[in-house]
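Participant: Got a structure for you, questions after.
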Amino acid sequence: MEGSPDINTVLTNSLSPDGALRNAAEQQLTQAAEQNFSQYLLTLVQALANENAEGHIRAAAGIALKNAFSAREFARQASLQAKWLNQTDQETKTRVKQLALETLSSTNAQAGQATAQVVATIAAIELPRDQWPDLMASLVRNVSEGSPHQKQSSLTTIGFICESQDQDLRNSLIAHSNAILTAVVQGARKEETNLEVRLAAITALGDSLEFVGNNFKHEGERNYIMQVVCEATQAEDSRIQQGAYGCLNRIMALYYENMRFYMEKALFGLTILGMKSDDEDVAKLAVEFWSTVCEEEIAIEDDNAQVESSEQMRPFYNFSRVATNEVVPVLLALLTKQDEDASDDEYNISRAAYQCLQLYAQSVGAAIITPVIAFVEANLRHEDWHHRDAAVSAFGAIMDGPEEKVLEGIVKSGMGPLIAMMDDPSVHVRDSTAYALGRITEACAEAIDPTQHLDALIRSLFNGLMNTPKMAASCCWALMNIAERFAGDGESAQNPLTPHFNQSVTNLLAVTGRMDCEASVRTAAYEVLNTFVRNSARESFQAVASLSTVTIERLEGTIPMQAQVVSIEDKIILEDMQTSLCTVLQAIIERLDKEIAPQGDRIMQVLLQILSSVSGKSSVPEGAFTTISSLANAMEEDFVKYMEAFSPFLYNALGNQEEPGLCSMAIGLVSDITRSMGERSQPWCDNFMNYLLNNLRSTALANQFKPAILQCFGDIAGAIGGHFETYLSVVAQVLQQAATVTASAEGSYEMYDYVITLREGIMDAWGGIIGAMKSGNKTAVLEPYVQSIFEMLNVIANDANRSEALMRSAMGVIGDLADAYPNGQLADAFRAEWLTAMIKETRQNREFQPRTIDTARWAREQVKRQIGGAQGMMSQT
């Protein structure tokens, strides 16, 4: 960096809070790297190794050096690693690595930490390529023979190396497991007197556990590792205790099958002791140990339920069930440790205990009920709100786990007292009660007697929603669960919600209409209104119709507000309100269906006004489009009267490749509108097809758009019938080209899924086109493409990578083709064994839905008729 400021000055400025100084320094570093990369690396490593420099300068040198060959973005990371591998001479590499290893012995903590990152970053490049074979041996030697600072920095380096997410590095570390384990276990032993060294070792051990699986298979090595970790849980330094419990969590997750002996001898007692620790971070990690036990046992039971033979079953020791009577009372006691000043997203000991109790209920089922109910009965009327809150929380926590029949009795007897707790003096207790009621309505709604509980339950939840913002989220969730649970079949004149529907709507309109209503509360309340509308019975349709007027008026009222927006926050609040109102309006349209027609003009007018005035990069157009889609489905051919005014917005969205979400919505909307309007959509189809074909060819849009576009071709064809002949040759070429896309054996899951959905789109397109040509008496123009359709069907038949939706679409195409040529013109193709086998396989698949099986049966009948038609023609000649 000749001719430029002193390196120490540049490095100091790179950490400056002054943006101008910092940017100038970063630019100087970038220029130096571009001019002479090797010299740049040597300059930085010398600054890092300089024992006479201040710690912050050495740390800045380390950060710059690390950033010289690592980055968060994958492409840039690969480019920087290539510079180290291919553009850095061997002498420079050797010097950088040598000085970095030497600097691990620095007494300056900042320099040691930064050097650990540098060494780990180089290791990520070289270890997978076997280019630094003596690194691990050097680090082990440092831990064994070095000074305390050298031990700590070397252990920190091992930890950084092991925590990397680079898969090539992780694979290579398995070969170094002995060296890694030697170093970290030696540093983590209770005989290590330097607490910083021991902490670094236990942290590195936690990061390395995934790579020492072979060592865990040997009882002697496993015993020693477990001894060191268990002893570390009893260290005087709480940081080491935390690290040790973190290791136990990871060990349980990785090596459950080896844990039986240690659970019986030590871990039951140690973790229960840890849960009672005065250090909250230690207690949380000890609680999380039992969460891990439950998660593992839930997963093992799920896995074992799916195996075909007992030899495939994973070991299952029932640790959680055996420890229920010891662990659950501790968890319940920890529920009383709430912090009334904690924010909603703060993770503290009571929340850790609540999560663990939920998992415990899922793991042990009915065994959780007795200790929890005893706790609830003892604390529900306690004078201390912490205990009352813990009681209602515990009741809600166990709703998912025990069988619903087992829970039914305690829920029925508990609903009255629990609803009464919605009037508790403590807002914390009321909020927890609302959440517990939400859990009950979600998991055990059958136990709620609508004649006995529903009126008081709904009133109490609305009281909480309308008067206490802190409770709004919990109350809204419970109300949505209630609406879904008591909806009935959707077509009945009444359901249990009907007596409460009008008052519920009135309450929700009052909440959402308040000027002082918090934005999050308003949004949640609109979600409840949406759910109530979707689940309303026919007797409530008059109220739903009246609600449409209020909703439209409110949407109209938001338009002048757009001119009053002065901040980003104002814009977000307004857009949330408009989106929520669009969602409610959509629910109203779908519930009333054709009865919404009298409001159609006013709905389109306000939605078009919103689309005209909304700013770019907004979520509102997507909400408006979804509502318009529902209106088109309800009004069918009559929607044509809005197309002249609406089509410019639809075209703009179809062509807006910078906002993929909106473009995707527009593609779906074209399908909806053409299906709804049928042949009356023809005047707009030239533009639709041009935009869709442009999007298909675009490199700006992801492949995931293509299946929807192909399906849209089928919908347009189905709508305009024989008129689709205009587009047939171009679309057929596109479909034939799409049919060549395959997933290689080494392909990703995403690619396999894409190929399936692409083929679904191809089949849906051909299905629509075949039907269109038949209805237009134009099947002759299809004949040049029939062979390619059968070739695609053959590819599907011979590829095990397929979905039910794909098979259903394929059956539809087979049946449509046979139906389109009723005189047996395609009989030879339909006699193919592979085709008969594909139909039979689909028809007899008991895992498929009835409509798929019915489509396959229909296809079989059409094929029989086709073949029979051919035989009839032959007999006449």
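Participant: Order of 39-47, 708-716 by packing, highest average Cβ count within 10 Å first?
Facilitator: Those peptides, ordered most packed to least, come out 708-716, 39-47.
Participant: For the chain, what is the calculated [θ] at 222 nm in deg cm²/dmol (nearest 500), taking -39500 (n - 2.57) for each run of four or more DSSP H residues and dividing by its residue count?
Facilitator: So the calculated ellipticity at 222 nm is -23000 deg cm²/dmol.
Participant: Along the Cα→Cβ direction, 7 angstrom out, place labels at N36 and T370. What is the inter-label distance in nm?
Facilitator: Going from the N36 label point to the T370 one covers 8.0 nm.
Participant: Give, in nm to one decimal, the length gained when the segment between N304 and Y347 is fully stretched (0.36 nm per residue of separation minus the Cα-Cα distance).
Facilitator: In short, 12.2 nm is gained.
Participant: Something else: Counting each pair of different Cα atoms once, what's the Kirkwood radius of region 468-577 in Å, rounded to one decimal?
Facilitator: 15.0 Å is the Kirkwood radius here.
Participant: Given that just one value was derived from the coordinates, which of (1) 229; (2) 324; (3) 334 is volume of the Cα convex hull per residue in Å³?
Facilitator: Answer label, from the structure shown: (1).
Participant: Which far-off residues, 5 or more places away or on another chain, put their amide H under 5 Å from the one on N495, with H placed in the peptide plane?
Facilitator: Long-range HN contacts for N495: A537.
Participant: Return the FRET efficiency for the residue pair A700, E383: r is the Cβ-Cβ distance, R0 is 56 Å, and the value is rounded to the nearest 0.05.
Facilitator: Here the calculated transfer efficiency is 0.30.
Participant: Got a sec to turn the phi values of region 473-485 into Karplus ³J(HN,Hα) couplings, 6.51 cos²θ - 1.76 cosθ + 1.60 with θ = phi - 60°, whole Hz, x for Gly and Pro?
Facilitator: In residue order, the calculated couplings are 4, 5, 5, 5, 4, 5, 5, 5, 4, 4, 4, 6, 5 Hz.
Participant: I've got another one for you. Obtain the nm distance between the two label points defined at Q98 and E518 by a simple spin-label model: each point lies 7 Å from its Cα along the Cα-to-C-beta direction.
Facilitator: Taking the simple label geometry, Q98 and E518 are separated by 6.3 nm.
Participant: Also: Go through I603, H218, Q825 and say which Cα lies farthest out towards the positive end of the charge dipole of the chain; charges sit on Cβ, +1 for Lys and Arg, -1 for Asp and Glu.
Facilitator: Towards the positive end, the residue furthest out is Q825.
Participant: OK, next. I need the peptides 58-66, 7-15 ranked by packing, meaning the mean over residues of other C-beta atoms within 10 angstrom, with the highest value on top.
Facilitator: 58-66, 7-15
Participant: To the nearest 10 degrees, how steeply does helix 74-86 sit against the main Cα axis of the chain, on a 0 to 90 scale?
Facilitator: Helix 74-86 sits roughly 50 degrees off the main axis of the chain.
Participant: Taking 0.36 nm per residue of sequence separation and subtracting the Cα-Cα distance, how much length would be gained by fully extending the chain between A445 and E679, in nm to one decimal?
Facilitator: Working it through step by step, the gained length comes to 79.6 nm.
Participant: How large is ³J(HN,Hα), in whole Hz, for each residue of region 654-665 in order, when computed from phi with the Karplus curve 6.51 cos²θ - 1.76 cosθ + 1.60 and θ = phi - 60°, using x for Gly and Pro?
Facilitator: 4, x, 8, 7, 7, 10, x, x, 5, 4, 4, 4
Participant: Same structure again: Once you have a ≥ b ≥ c as the square roots of the Cα gyration tensor eigenvalues for region 781-866, tell me rounded if a/c is under 1.5, and otherwise prolate or oblate according to whether a/b is larger than b/c.
Facilitator: prolate
Participant: Which of the aspartates and glutamates could a cross-linker span from K337 if the Cα-Cα distance has to be under 18 Å and same-chain partners fewer than 8 positions apart are dropped?
Facilitator: D278, D279, E280, D281, E288, D345, E346, E383, D384, D389, D431
Participant: GluC sites (Glu not before Pro) within region 231-264: which are DSSP loop residues with at most 16 other Cβ atoms inside 10 Å?
Facilitator: Counting only loop positions with at most 16 other Cβ atoms within 10 Å, the GluC sites (Glu not before Pro) in region 231-264 are E236.
Participant: Order of 848-858, 302-312 by packing, highest average Cβ count within 10 Å first?
Facilitator: Packing order, densest peptide first, comes out as 848-858, 302-312.
Participant: In whole Å, largest first, what are the principal axis extents of the Cα atoms in region 715-848?
Facilitator: 43, 29, 23
Participant: Sticking with this structure for a sec: Tell me, what ³J(HN,Hα) does each residue in region 115-122 have, in order and in whole Hz, if you take phi through Karplus 6.51 cos²θ - 1.76 cosθ + 1.60 with θ = phi - 60° and put x for Gly and Pro?
Facilitator: 5, 4, 5, 5, 4, 5, 5, 5
Participant: Using 0.36 nm per residue, how much length does the chain from F261 to N86 gain when fully extended, once their Cα-Cα distance is taken away?
Facilitator: Residue separation times 0.36 nm, minus the Cα-Cα distance, leaves 57.9 nm.
Participant: Let me ask something additional. Please compute the modelled spin-label separation between E791 and D339, points set 7 Å along Cα→Cβ, answer in nm with one decimal.
Facilitator: It is 6.7 nm.
Participant: Next question, about the same structure. Within region 620-643, list the residues whose amide N lies under 13 Å from a label point set 7 Å along Cα→Cβ of A597.
Facilitator: 634-641, by backbone N distance to the label point.
Participant: Whole Å is fine, so just give me how far the alpha carbon centre of region 602-648 lies from that of region 274-298.
Facilitator: Between the Cα centre of region 602-648 and that of region 274-298, the gap is 53 Å.
Participant: May I ask for the angle, rounded to the nearest 10°, between helix 783-798 and the longest principal axis of the chain, with both axes built from Cα atoms and the value confined to 0 to 90°?
Facilitator: It works out to around 40 degrees.
Participant: Further, regarding this structure: Using the Cα centre of the chain as the reference point, and only Cβ charges (+1 on K/R, -1 on D/E), how large is the resulting charge dipole? Debye, rounded to the nearest 20.
Facilitator: 1300
Participant: Still on this model: Between N52 and D279, how high is the FRET efficiency from 1/(1 + (r/R0)^6) when r is the Cβ-Cβ distance and R₀ = 51 Å? Nearest 0.05.
Facilitator: Once the sixth-power term is evaluated, E becomes 0.80.
Participant: Using 1/(1 + (r/R0)^6) with R0 = 41 angstrom and r between the beta carbons of E484 and N23, what's the FRET efficiency to the nearest 0.05?
Facilitator: For E484 and N23, the calculated efficiency is 0.15.
Participant: A further question on this structure: Classify region 57-184: rounded, prolate or oblate, from the alpha-carbon gyration tensor (a ≥ b ≥ c, eigenvalue square roots; a/c under 1.5 rounded; otherwise prolate if a/b is larger than b/c)?
Facilitator: Oblate, because a/c is 1.5 or more while a/b does not exceed b/c.
Participant: Need one word for region 225-330: rounded, prolate or oblate. Basis is the Cα gyration tensor (sqrt eigenvalues a ≥ b ≥ c); a/c below 1.5 gives rounded, then a/b vs b/c decides.
Facilitator: Prolate.
Participant: Let me ask something additional. For region 712-766, which GluC sites (Glu not before Pro) are in a loop by DSSP, counting at most 14 other Cβ atoms within 10 Å?
Facilitator: Passing both the DSSP loop test and the Cβ count: E746.
Read the figures in this text as sums done on the coordinates, not as results from a lab. The model shown is predicted, which means the values in this text are computed figures rather than measured ones. Because the Cβ atoms are built from the backbone with ideal geometry, glycine has one as well, and the counts that use them run over all protein chains shown.
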